[in-house]
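Here the structure comes first, spelled out in C-alpha cells, and everything after it is commentary.
The values are calculated or read from the model by the stated rules, or taken from the named source; none is laboratory data. Given the structure is predicted, the values throughout are model-derived calculations rather than measurements. Because the Cβ atoms are built from the backbone with ideal geometry, glycine has one as well, and the counts that use them run over all protein chains shown.
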Amino acid sequence: MYPGLVHAHSGLRWIALLLLLVAVVVAIGKWQGRSGYTDGNRKLYLFTLIAVHTQLLLGLVLFFISPLVNFSMLSDKLYRFYSVEHTTGMLIAIILITIGYSRSKRATDAITKQRLIGIFYGIGLLLILASIPWPFRIVGAGWF
Ligand code: HEM
C-alpha cells in the first residue's frame, strides 16, 4: 500500500499544479479584464480545490506511515524536509486555497470573486512550488 500511495501522491502533483496554474491565470485575467464569472470558472476553481484536498488526504496518510517522517532524525536534512518543511508548507498552502475558495464563493460581485481566487490560489501555488520535493533539490525524490 505504501509504494502505491507515494506514486499516487507524486503523480497527482501534476494535475494539482496544472489546475492551479490555469485557475490563477484565468482568475487574474478576468479580475484585471473586469469580465464576468461563469459556471465554467466555478467548476475550474472547485476541481482545483478537490485536487489539492485529495493531495492533503494522501499526504496525511503518508505522514503517519512514511519512514521519511521521523521526528527523532530532524538534524538530517531529508527527514526534516518531509517531517516539517513539506508538511507545514503544504498545509499553509491548502488552508489559503480553501479560504480563497470559500470567500470567493460567498462574494456577490464577479470581480471580487475572481480577485480572491487570483490572490489566494496564486499564493498557494507559489507555496506548493516551493514545498515540493523536486529531484534536483531532494535526494531520492522522483518526477512522477
Ligand atoms: C498540494 C499538496 C502536495 C503536493 C503537490 C505534494 C507533493 C509531494 C511529492 C511530489 C512527494 C514526493 C513523492 C516521491 O518521492 O516521488 C511528496 C511526498 C510526501 N508528502 Fe506531499 N504533497 C502535498 C501535500 C502534502 C501534505 C499536506 C502532507 C502531510 C500532511 C504530505 C506528506 C508527504 C509525505 C509524508 C511524503 C513522503 C512520502 C515518502 O516518500 O515516504 N504532502 N509529496
Item to check | Given (1) away from the ligand (no atom under 13 Å from the Cβ); (2) more than 16 Å from the chain's Cα centre (by Cα); (3) in a helix (DSSP H, G or I), index of the condition T108 fails | outcome: (3)
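Tally the residues that are outside any helix (DSSP H, G or I) and among the β-branched types (V, I, T), restricting the search to the stretch 13-71. Give the steps one after another, and end with the answer.
Of the stretch 13-71, the ones outside any helix (DSSP H, G or I) are 34-38, 66-71.
In the following step, the residues that additionally are among the β-branched types (V, I, T) were identified as 38, 69.
Looking only at that region, the number is 2.
Give the residues of the stretch 74-86 that are out of contact with any Lys or Arg (no Cβ under 8 Å at 6 or more places or on another chain) and in a loop (DSSP other than H, G, I, E, B), sorted by residue number.
Restricting attention to the stretch 74-86, the residues satisfying the condition of being out of contact with any Lys or Arg (no Cβ under 8 Å at 6 or more places or on another chain) are 75-86.
Those that are out of contact with any Lys or Arg (no Cβ under 8 Å at 6 or more places or on another chain) and in a loop (DSSP other than H, G, I, E, B): S75, D76.
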Checklist entry - Does at least one position in the stretch 71-92 carry a residue that is within 23 Å of K43 (Cα to Cα), in contact with a Gly (Cβ under 8 Å, 6 or more places away or on another chain) and without any contact (Cβ under 8 Å) to a residue 40 or more places away in the chain? => result no
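To keep it simple, each residue is scored yes or no on (1) of a type in the set (K, R); (2) touching a Ser or Thr at 6+ places or on another chain (Cβ under 7 Å); (3) over 20 Å from L18 (Cβ atoms).
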site	(1), (2), (3)
L57	no, no, no
S75	no, no, yes
F81	no, no, yes
M90	no, yes, no
I95	no, no, yes
Y101	no, no, no
Next on the checklist: Of all residues being over 16 Å from L12 (Cα atoms), among the hydrophobic types (A, V, I, L, M, F, W, C) and surrounded by fewer than 16 Cβ atoms within 10 Å (Cβ to Cβ) in the stretch 108-142, which is modelled with the lowest pLDDT? Just the residue, please.
Outcome noted: V139
Checklist entry - Does V61 satisfy being within 20 Å of T87 (Cβ to Cβ), touching a helix residue (DSSP H, G or I) at 6+ places or on another chain (Cβ under 8 Å) and near the ligand (Cβ under 8 Å from one of its atoms)? => result no
